[in-house]
1. Take the conditions away from the ligand (no atom under 15 Å from the Cβ) and either in contact (Cβ under 8 Å) with a residue 40 or more places away in the chain or open to solvent by 20 Å² or more (accessible area, probe 1.4 Å) (or both) and apply them to residue 27. Does it pass?
2. With the requirement that a residue be within 16 Å of the ligand (Cβ to nearest atom) and in a loop (DSSP other than H, G, I, E, B), what does segment 87-125 give you?
3. Out of the residues in segment 54-86 that are assigned to a helix (DSSP H, G or I) and open to solvent by 70 Å² or more (accessible area, probe 1.4 Å), which is nearest to the ligand (Cβ to nearest atom)?
4. Would you tally the residues in segment 6-20 being more than 7 Å from the ligand (Cβ to nearest atom), touching a strand residue (DSSP E or B) at 6+ places or on another chain (Cβ under 8 Å) and under 15 Å from residue 63 (Cβ atoms)?
5. When you check residue 44 against the structure, is it open to solvent by less than 90 Å² (accessible area, probe 1.4 Å) and not hydrophobic (A, V, I, L, M, F, W, C), yes or no?
6. Can you find a residue that is within 15 Å of the ligand (Cβ to nearest atom), in a helix (DSSP H, G or I), aliphatic (A, V, I, L, M) and in contact with a Lys or Arg (Cβ under 9 Å, 6 or more places away or on another chain) anywhere in segment 34-53?
7. Name the pairs: first residue in segment 108-119 and free of Cβ contacts under 8 Å to residues at least 40 places away in the same chain, second residue within 16 Å of the ligand (Cβ to nearest atom) and open to solvent by 60 Å² or more (accessible area, probe 1.4 Å), Cβ to Cβ under 8 Å, at least 6 apart or on different chains?
Amino acid sequence: MRILMVCLGNICRSPLAEGILQSKVNFKGTFIDSAGTSGFHEGELPNKRSIEVAFKNNIDIKQQRSRKFVVEDFENFDLIYTMDESNYNDVIKLSNKEVDKQKVKMILNESFPDQNLNVPDPYYGGDDGFKNVFNMLNDACTIIASKIDENAR
Ligand code: 4NP
């Protein structure tokens, strides 16, 4: 199973989603990556506050580097989780096959089915925003990880 987490900058939310899911999945045949719909922060480390909130929860995301989402990602991944509606729409616009569109999901629909809730962008806010994002992603990733491990059995 190959899973891609997507946000706008690939420095705040999707690096956390990648690290959190990685920490929860036991099945070794799982590959998890993240990308941004923009290339604004290409090559950069995750935001300091994402690194900190992850580290407080025993997750190290410092080895990650920001990269832009590319159309080839539709071939390379089975599931693409977007953090908000704008990321979702941007990724869907790049898909030209129905099978690719089906791979794209709003991540919080795992924990709040059919509600299409957004993981709020914490970039311009305070530290509480990062903690809030961590907790939301933690709940969603618990569910994703249990599905992966269930299917791997
Ligand atoms: P992210 O947060 O999409 O969660 O990585 C953002 C990071 C950078 C910017 C916006 C959102 N930016 O405009 O540079």
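The values are calculated or read from the model by the stated rules, or taken from the named source; none is laboratory data. This one's a predicted model, so the numbers in the text were calculated from it and none came from an experiment. Reconstructed Cβ throughout: ideal geometry from the backbone, glycine too, with neighbour counts over all protein chains shown. These area figures cover heavy atoms from the full protein model, side chains too; ligands, DNA and RNA do not enter into them. Shrake-Rupley method; radii C 1.70, N 1.55, O 1.52, S 1.80 Å.
1. Here the answer is yes, as residue 27 does meet what is asked.
2. If the condition is that a residue be within 16 Å of the ligand (Cβ to nearest atom) and in a loop (DSSP other than H, G, I, E, B), then 117, 118, 119, 120, 121, 122, 123, 124, 125 are the ones that fit.
3. Keep residues of segment 54-86 that are assigned to a helix (DSSP H, G or I), which gives 54-56, 73-76, 85-86.
Subset that is open to solvent by 70 Å² or more (accessible area, probe 1.4 Å): 55-56, 75-76, 85.
Numbers: 55: 17, 56: 18, 75: 23, 76: 20, 85: 13 Å.
The residue in question is 85.
4. The initial filter retains those residues of segment 6-20 that are more than 7 Å from the ligand (Cβ to nearest atom), namely 6, 15-20.
Checking which are touching a strand residue (DSSP E or B) at 6+ places or on another chain (Cβ under 8 Å) leaves us with 6, 15, 17-18.
Pick out the ones that are also under 15 Å from residue 63 (Cβ atoms) and you get 15, 18.
Here the count works out to 2.
5. Yes: the conditions hold for residue 44.
6. Scanning segment 34-53 turns up at least one residue that is within 15 Å of the ligand (Cβ to nearest atom), in a helix (DSSP H, G or I), aliphatic (A, V, I, L, M) and in contact with a Lys or Arg (Cβ under 9 Å, 6 or more places away or on another chain).
7. Filtered contacts from segment 108-119: 108/117; 108/118; 109/117; 116/85; 118/85.
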